[in-house]
Amino acid sequence: MFASEHSSGDSRSASAGGASVPTDDSVATSRVVAAILAVGSAELADSLAAVASQDHPVVAIVVIGRVDAVPPDVAVHATVGDLVALIPGDVTHVWLLHSDSRPRRDALKALVHEIERNHASMAGSKVLVADRPEVLESIGSATDVFGVPYSGLEEGEVDHEQYDVVRDVAYVSGVSILLRRDLLRGLGGPDPLLPPEAAGLDLSQRARVAGGRVVVVPSSEVLHSQDCEHHVPGWRERAGRLRAVLKAYRPITLAWMAPLAFLTGLVEGLGRLLLGSPTRLAGHLLASGWNLAHLPSLIRARRALASIRQASDEELFRYQVRGSVELRQLGSEFGARLDRWVGEDPESLLERSRAAWRSPVVVAAGVGAALVLAATRSIWFDGLPDVGFALPLPDSAWSTLLSYAGGWNSAGLGSPEPFHPTIGVTAALQLVLLGRGPLTMTLITVGALLMAIAGTARLLKIVGCEGPWRYLAGAVGGLGPFAASLGQAGYWPGIVGAGFLPWAIVGLCRPFPATLRARLGWAARTALPVTLTSCFLPLAGPAAILVVLLGLASGALRHLSIALAAGLGVLAAALALMPWTMGTSLDALVGGGAAVVPAVSWWWLGPAAAALVLSVVAAPPALLPAALWGGATASIGVLLSLTPGLGREPTVGLMAAASLGLALLTGACLETLTRTGPRRLVGLAGLALLATVAPSLVGGTANLPGGSIGEVLAFTAGLAPEHGADRALVIGPAGFLPGESRSIDGLGYRVVWAPSPRLTEAWLPEPRLGDDLLDDEVRNLLGGGRLRSGLGLASYGIRWVVVMGAADVDLSGSIDLRPLPISPDFTAYVNENARPVAAGQTGRPWLRMDRGYSGATGGDVRLAENADPRWGGTAPDTWSQNGWANLIGTAGPTVSFAPQPIYRWGAIAAALWVCLLAALAVYGRPGNRSAAPAGEQGEGPRAPAGEQGEGPRAPAGEQGEGPRAPAGGP
Amino acid sequence: MRRLIGILVLGGSMAAAIPLLPGPTVDVILPPPEPWQAAVCPAVRADDRSVSQIAVAAEVPGEALAVFTLRGSQQRSHPIEVTEAGGGWLEVGSVVSEGLTPAALEMPTAAGAAALLVGLDERTGAAACPMGRSSLWLLPGASSRSGQALDLVIANPFAGPARVAVRSASELGLDSVARLASLELAPRSVAVVDLAGELPLRDLLAVTVEVSDGQVVPALLQTGRADAALWEGVAGRDEWLVVLPEWAEGTRRLVISTDSPLAVPFQVEPFAADVEMPLLPTEISPGGVVSVDLSGASTSALALRVTAAAPVAATVVLESELSQAAAPAAPAAGRRWLIPGVGLPAEAVHRLWVYYGGAQPTPLSIRALRDRGPVVAVELQPGMVNPIELVGDFSPGVLVEAAEPVVVLWTRNLGDTIDMSTGRLLDG
């Protein structure tokens, strides 16, 4: 069969005009088989004709793949592998060519010439766009270590022969490749699972690993209609690239490259998500999943390559660029976006970069970001201090999410009450970050502070403060005195929520668009920031309404519809906060928990008062509304937070609003810094306000206090029995205790799981029977009336008692609470009468698992959790109440809490609701032409200020005074 | 106009906010200490030569748990049933038998009392087991004269270690023993300090135990040739009420000590006008001790009040050739007294010495703390110490109830020996 093709091919080339005279013997003796890869829906006739007319003769032309019809003298093979087996020994090279390409007459000749001249094993052509032959598509390429191509070509770059030099490259385009027959036999041809571009990369890398040189031959030109790319989804190319590198690297390289590739893709996907391109993240996840699904074939391919491996990974590294190409592109994209925010629109990337770095706005934003980095420097290295509500995340994010959705709330002595929404959103992000709890907490914290800066700057721009100082004013929002108070109170969610709050307001200020699609997007994009903020500050919605109303009253905002939008956001957030909203009473919401109040200091009170008074008296008219808005929000927010009877959530919401208000006031004041006369005083007052962030830079922990409950309780890990450390009773002033605490005459106490309480324990549910009895027990303990205090605590599974914060508690009159010489900073006792939280009738302990307990089968187990029949699991008859606790007849080795359907469905509905909002936000985003007609992209970079919906009133006569006062203000 | 409104609104709100801003700290008020629902008997002895009984009295029935501290920080516990009548007792030798074994008693209620009765060969002693804690224990009334063994027993039955400083004063002034300046007591341990060896030949010795870490309960055990005296430490008070039983066999003394760094003015007043008091100093020297010898005043029972400008302790001491006893004075007068140990053993002569300071006779009932036990009703004569001899089985203690405040002292005569103890005032 092949013999006939051979002769036929030979005759065809002869009849097509004769072969050109070879320049040397080796070229002349090169015998080439052309294999046309049927890709896409391209017609074969053109490529067949182009091959047939080559200056260098081909001994045969074959088609690889499924084709409907071919000339009778052209053989068809399913795969290159099939072809390789049939190629006779006198054939020296195989030319792999896409069916959607048309090589120029001398393309093959050039390839043969250069491959012989350079002693290469594989050569690729210069690929030009078929319908614009002057435009370069590929000229060979480097990659990064993850296999992502880095060609250096710009989009639509014209071929001026600027790259015309034969050179070694990481890979050549799969459109036209000439390679030695023996190499092809060893490699087995292109991987049939891979799409065209990835297949080229794969073949190039394997060729190099097998000891061959891979060169690009610019004198060999191929016109490519790109039909092959239209039929392959982007994620398949991504998956193919990943498969190619997973195939090529040695295990030691894979050990670090594979996880890094996944993380890099994740970061890039999240970054693209922020830029409004959600498909990249999905593509990354799909690509990872696809490779997992094809793991067996990957392992086979690696084994095959190992048998012919000649070169180390270093040979691959030689042709790779440093870092991640995708992250670099992402950074460029962010830079470009920042540029657009600045309002400049340079032509090229280079110009944009230069202009951006020269821009005061970028400098100010950089300084703002540097302040955040300085204020969080300890967090980067050591993670968040586990104090207050900044507790470590549980190990299993998935288990946390299941518990969040109607499972058992393990805080204190447990409760079926739903968790605080912060638990849900952090667990979801932790899941995305592969369960890395410290990284999740760090990213959320730092991200929120950066968001505070960017959001405040955005908001200030909307109200007419467009100068660079607005980025520094944002630092006052995230690191100023009110935010510091939230941090010093240990209320970590407050810090995060305060960071997101400006964006919630920005989201409300979007203009209402004209088309239905855009309106859907508007509604979603209005609701999403409020929803996200509410996950950390459940009363962020009402706080946002207050801020908006004050903005309307001060004249900084003009449209009453913004308040209506805020109402919409509150409703959307209420749905997204399920099941927490289903299980929380209004009383608990308003009055529950300890109020967070500002720490009074003249350090901030003086500058704030001065800035307020000076700005009201002397600020330029264009800036007065913004100053009034900020001042009113700050002062009224603080004032309302002092209302007696308000609990944690409302006071934290008001403090966040006050923090934003102070930042707005700072921004408005700083705008006048370049003025003269009394107005300069306003600017100086703004500078003084800006200085209030200085204390936040000292600790490097985002204002969170020092100390660590994990370090305090670390001793329990070493002394714990085999089944675990059980519970610890921690006593001291509330500020020293992890999360929420209960109080006896002002002295706080609470129960935590030793050795490391988790964020899921931070919020204590409403007291139940066990909690009331424990309150009496702790009262007795503190009263010192009992000889065996430990015995009373034992039934609660309390194995340790720790007295913190120099509380004057003397437990030395007990004969079963043995003091431990751990640290002079706290007093620790071990309960010598302790019993496990869960134990069988014989006292044999049961082990605590993620969402239940496990132990020896048979008999009853007493579970020291607040009594609830759902601990009977699927067999409620096995459950009975044992005092305040549970007694469960065990048929199996585990007991677990049967989820509450109403809360579970509530959580699922909330997740779906958020997904729907996200989808609508993408569907109707302003950048989408069909969603937002020209002139309605309220936040678009080129939209005149007057079309952005909001802007301060600038009297006609004073337009010149305000820095970049919006021209379109009514 | 907008500026004016802005100034008014914002200035007003800021001005209003400033005074409302709370301070950064929240005051913590610890709950008041609860009455300790436990007692500690520091000098329990049970071995071949010693017997001990622990008697428990309580207002409510239930179960008291005696936790004995054994060698090597081991513990052994044993319940003591408190009957409906409110009493119970334990023969310690039936539970442990290894010499000195301090006992911590978990009482069914804080309104209770416990007493330790010790027999050492033919010698006996009795003392109340303290139900309170103190960081400064005073134990006046001891003597290390020739022929007397004097042991300071410091019990730490608790789970944590303790550190104490032992100081003493005598007729020679303040004593200084470097070894006693800082004593470490391991958890669940007992320390015995041989004071007769450390501070020999003191006719008058007062001991102070200051606790710097943890908790301890001390007692003094003074052993003579024919009898022993056992008494517990007390926390200092400004006022004490003292009942002295009739005593014709030897000396009868009131010993007062203080740990104050300053001289403490004090006064001892007899409640009866016809008592001839010896000449007394007007103050106690810093950290010193004063002995009031009342042997010459009268042999009949009498009552006194001790008042001082600083906390002091007062101990009644009875001594003779064949007997000796000591007991702290009572902190106050009251209508209801629990006195555990009365009636143990049955062959002893048990007397109550009840001082009533009213103007008219008043009724008094004495009820045995055992089911179907005897009840005695007497009428107290005013302005004097009323001796009441209990005939019958009143074990393991009595509840004394009077219509008017009284002060009670219990004495036990077994052969030639004598022991005494003050009961627990319930309504003081």
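The values are calculated or read from the model by the stated rules, or taken from the named source; none is laboratory data. What you see is a predicted model; the values in this text were computed from it and never measured. Don't worry about glycine lacking a Cβ; one is built from the backbone with ideal geometry, like all the others, and counts go over all protein chains shown.
Name the single residue that is surrounded by the most Cβ atoms within 10 Å (Cβ to Cβ) among those in the stretch B:401-428 being closer than 25 Å to B:Leu220 by Cα and over 18 Å from the mean Cα position of the chain (by Cα). So, considering only residues that are closer than 25 Å to B:Leu220 by Cα and over 18 Å from the mean Cα position of the chain (by Cα), the one surrounded by the most Cβ atoms within 10 Å (Cβ to Cβ) is B:Thr417. Within the stretch A:744-751, does at least one residue satisfy the condition of being closer than 30 Å to A:Leu817 by Cα, of a type in the set (Phe, Trp, Tyr), more than 14 Å from every other protein chain (Cβ to nearest Cβ) and touching a strand residue (DSSP E or B) at 6+ places or on another chain (Cβ under 6 Å)? No - not one qualifying residue is present in the stretch A:744-751.
With respect to the conditions (1) in a strand (DSSP E or B); (2) more than 21 Å from B:Arg225 (Cα to Cα); (3) away from every other protein chain (no Cβ under 14 Å), B:Gly141 lacks only one, and its number is (2). With respect to the conditions (1) under 30 Å from B:Leu174 (Cβ atoms); (2) over 21 Å from the mean Cα position of the chain (by Cα), B:Leu139 lacks only one, and its number is (2). Counting only residues that are within 14 Å of chain A (Cβ to nearest Cβ), of a type in the set (Gly, Ala, Ser) and either at positive phi or surrounded by fewer than 24 Cβ atoms within 10 Å (Cβ to Cβ) (or both), the stretch B:144-164 holds 1 of them. For A:Tyr749, indicate whether it is crowded, with 24+ Cβ neighbours inside 10 Å, closer than 21 Å to A:Asn866 by Cβ and free of Cβ contacts under 8 Å to residues at least 40 places away in the same chain. Spelling it out, A:Tyr749 is indeed crowded, with 24+ Cβ neighbours inside 10 Å, closer than 21 Å to A:Asn866 by Cβ and free of Cβ contacts under 8 Å to residues at least 40 places away in the same chain. When the stretch A:511-563 is filtered for residues that are touching a Lys or Arg at 6+ places or on another chain (Cβ under 8 Å) and away from every other protein chain (no Cβ under 14 Å), the ones remaining, listed by number, are A:Phe512, A:Pro513, A:Gly521, A:Trp522, A:Arg525, A:Thr526, A:Arg558. Looking at this structure, is B:Pro387 in contact with a Leu (Cβ under 8 Å, 6 or more places away or on another chain), in contact (Cβ under 8 Å) with a residue 24 or more places away in the chain and closer than 27 Å to B:Glu269 by Cα? Yes: the conditions hold for B:Pro387.
Residues checked against (1) at pLDDT 90 or above; (2) more than 35 Å from the chain's Cα centre (by Cα):
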position	(1), (2)
A:Val712	yes, no
A:Glu722	no, yes
A:Gly732	yes, yes
A:Val752	yes, no
A:Pro757	yes, no
A:Gly785	no, yes
A:Ile798	yes, yes
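Does the stretch B:165-186 contain any residue that is within 14 Å of chain A (Cβ to nearest Cβ), in contact (Cβ under 8 Å) with a residue 24 or more places away in the chain and within 21 Å of the chain's Cα centre (by Cα)? No, because not a single residue in the stretch B:165-186 is within 14 Å of chain A (Cβ to nearest Cβ), in contact (Cβ under 8 Å) with a residue 24 or more places away in the chain and within 21 Å of the chain's Cα centre (by Cα).
For A:Gly645, state whether it is more than 10 Å from chain B (Cβ to nearest Cβ) and part of a loop (DSSP other than H, G, I, E, B). So A:Gly645 fits the description; yes.
Within the stretch B:269-287, is there a residue that is under 30 Å from B:Val164 (Cα atoms), charged (D, E, K, R) and out of contact with any Asp or Glu (no Cβ under 7 Å at 6 or more places or on another chain)? Yes: the stretch B:269-287 contains one or more residues that are under 30 Å from B:Val164 (Cα atoms), charged (D, E, K, R) and out of contact with any Asp or Glu (no Cβ under 7 Å at 6 or more places or on another chain).
Which ones in the stretch B:265-282 are part of a strand (DSSP E or B) and touching a Leu at 6+ places or on another chain (Cβ under 9 Å)?
First, the residues of the stretch B:265-282 that are part of a strand (DSSP E or B): B:265-270.
Hits for the stretch B:265-282 are B:Phe266, B:Gln267, B:Val268, B:Glu269, B:Pro270.
Among the residues of the stretch A:814-823, those identified as surrounded by fewer than 23 Cβ atoms within 10 Å (Cβ to Cβ) and either at positive phi or facing chain B (nearest Cβ under 7 Å) (or both) are A:Arg818, A:Pro819. Filtering the stretch A:602-633 to residues that are of a type outside the set (A, V, I, L, M) and at the interface with chain B (Cβ under 7 Å from one of its Cβ atoms) leaves only A:Gly631.
Any residue at all in the stretch A:880-901 that's touching a residue at least 40 places away in the same chain (Cβ under 8 Å) and assigned to a helix (DSSP H, G or I)? Yes: one or more hits. The single condition among (1) within 12 Å of chain A (Cβ to nearest Cβ); (2) surrounded by fewer than 16 Cβ atoms within 10 Å (Cβ to Cβ) that B:Val67 does not satisfy is (2). In the stretch A:216-247, of all residues being crowded, with 24+ Cβ neighbours inside 10 Å and small (Gly, Ala, Ser), the one that is nearest to A:Leu327 (Cα to Cα) corresponds to A:Ala239.
Criterion applied to B:Val317, B:Val408 was being among the β-branched types (Val, Ile, Thr) and within 25 Å of B:Trp89 (Cβ to Cβ), and the one residue passing it is B:Val408.
Taken across the stretch A:783-806, residues that are in contact (Cβ under 8 Å) with a residue 40 or more places away in the chain, in contact with a Ser or Thr (Cβ under 6 Å, 6 or more places away or on another chain) and either assigned to a strand (DSSP E or B) or at the interface with chain B (Cβ under 9 Å from one of its Cβ atoms) (or both) do occur, with at least one present.
Only a single item in (1) modelled with pLDDT of 50 or more; (2) in a helix (DSSP H, G or I); (3) within 30 Å of A:Pro360 (Cβ to Cβ) is not met by A:Pro926, and it is number (2). Considered as a group, the residues in the stretch B:207-253 that are within 14 Å of another protein chain (Cβ to nearest Cβ) and assigned to a strand (DSSP E or B) include one that is surrounded by the most Cβ atoms within 10 Å (Cβ to Cβ), and that residue is B:Val217.
Looking only at the stretch A:70-97, how many residues end up being touching a Ser or Thr at 6+ places or on another chain (Cβ under 7 Å) and not in a loop (DSSP other than H, G, I, E, B)? Summing the residues that are touching a Ser or Thr at 6+ places or on another chain (Cβ under 7 Å) and not in a loop (DSSP other than H, G, I, E, B) in the stretch A:70-97 gives 2. Checking each residue in the stretch A:215-241 for being within 13 Å of A:Gly200 (Cα to Cα) and aliphatic (A, V, I, L, M) picks out A:Val215, A:Val216.
When the residues of the stretch B:37-81 are filtered to those that are of a type in the set (Val, Ile, Thr) and in contact with a Pro (Cβ under 8 Å, 6 or more places away or on another chain), which remaining residue is nearest to A:Gly792 (Cα to Cα)? Going through the qualifying residues, I end up with B:Val67.
When restricted to residues that are within 22 Å of A:Val209 (Cβ to Cβ), in contact with a Ser or Thr (Cβ under 6 Å, 6 or more places away or on another chain) and assigned to a loop (DSSP other than H, G, I, E, B), the stretch A:106-152 contains 2.
Please work out if B:Arg305 is surrounded by 17 or more Cβ atoms within 10 Å (Cβ to Cβ) and assigned to a loop (DSSP other than H, G, I, E, B). Taking the combined requirement at face value, the residue does not satisfy it. Name every residue in the stretch A:608-623 that is in a helix (DSSP H, G or I) and surrounded by 24 or more Cβ atoms within 10 Å (Cβ to Cβ), in order of residue number. Once the filter is applied, which keeps residues that are in a helix (DSSP H, G or I) and surrounded by 24 or more Cβ atoms within 10 Å (Cβ to Cβ), the stretch A:608-623 yields A:Ala608, A:Ala611, A:Leu612, A:Ser615. Within the stretch A:300-332, the set of residues being surrounded by 13 or more Cβ atoms within 10 Å (Cβ to Cβ) and among the charged types (D, E, K, R) comprises A:Arg302, A:Arg309, A:Asp313, A:Glu315, A:Glu326, A:Arg328.
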